[in-house]
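One structure is given below, encoded as structure tokens.
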Amino acid sequence: MTTAQPPLTTPELAATGLRPADRDEAVRHLAGLLHAAGRVTDLEGFLADVRAREERMPTGMPGRVGLPHARSAHVTAAGLAVGVCPGGVDWGGPDGDATLVFLIAAPEGGGEQHMKILASLARRLIHEEFRASLLKAPDAAEIAAVVTREVAAP
């Protein structure tokens, strides 16, 4: 008997009005949400895995998006934490500071699941309407609803 996967994101995994000093602070905040939700068992270990992944290839994307992600032994269930950063945070993106940050956490052995989440999210991020709906969302519940509706869970 397999255990049902929790939703990819929930209101507890979304944050509006983030004003991080830098990308490390943004990732730490979002990873903390995943940790508090029980999807990450060791916060510092997971952060080290995300940092290692970012060092290989930065994840600043067109559309003013930061897309840090990692497979990690410290992840119990795949999750997507979303942060809206109205003031932007330097993510090395081609068109300016990231106003949306998506932290994907996948279990270490979840390569296929990780790629499906990344691909599904990337397909939505190219649409300005999707990004705008997240930026205009009044609260975490609406962010989670938009992501749940628009991004296919693996």
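Brief remarks on what is shown
- Label zone at A36 (point 7 Å along Cα-to-Cβ), backbone N below 13 Å, segment 138-152: 140-141
- Rolling a 1.4 Å probe over the protein chains gives E128 an accessible area of about 130 Å².
- Accessible surface for T41 stands near 90 Å², nearest 10, in the context of the full protein assembly shown (1.4 Å probe).
- Accessible carbon and sulfur surface of the chain relative to its total accessible area, %, 1.4 Å: 54
- Answer label, with percent of Cα pairs over 24 Å apart calculated from the coordinates and candidates (i) 22; (ii) 26; (iii) 32: (i)
- A probe of 1.4 angstrom, applied to the heavy atoms of all protein chains, finds D22 with accessible area near 70 square angstrom.
- Using the rule -39500 (n - 2.57) for each DSSP H run of four or more residues, divided by the residues of the chain, the 222 nm mean residue ellipticity is -13000 deg cm²/dmol.
- Across every pair of non-identical alpha carbons in segment 81-154, the mean reciprocal distance, once inverted, gives a Kirkwood radius of 13.2 Å.
- Normalised per residue, the accessible area of the chain is 48 Å², obtained with a 1.4 Å probe and no contribution from ligands, DNA or RNA.
- Given +1 at the Cβ of Lys and Arg, -1 at the Cβ of Asp and Glu and no other charges, the dipole of segment 1-130 around its Cα centre is 280 debye to the nearest 20.
- K136 versus L43: modelled label distance in nm, points set 7 Å from Cα along the beta carbon direction: 3.5
- Share antiparallel - DSSP beta bridges, the chain, percent rounded to 5: 55
- DSSP bridge pairs, segment 63-154: antiparallel proportion in percent, nearest 5: 55
The values are calculated or read from the model by the stated rules, or taken from the named source; none is laboratory data. A quick note: this is a predicted structure, and the numbers were derived from the prediction, not measured. Every residue, glycine as well, gets a Cβ built from its backbone with ideal geometry; the counts of neighbours run over all protein chains shown. The protein model used for the area step is the full one, side chains on, heavy atoms only, and it has no ligands, DNA or RNA in it. Shrake-Rupley method; radii C 1.70, N 1.55, O 1.52, S 1.80 Å.
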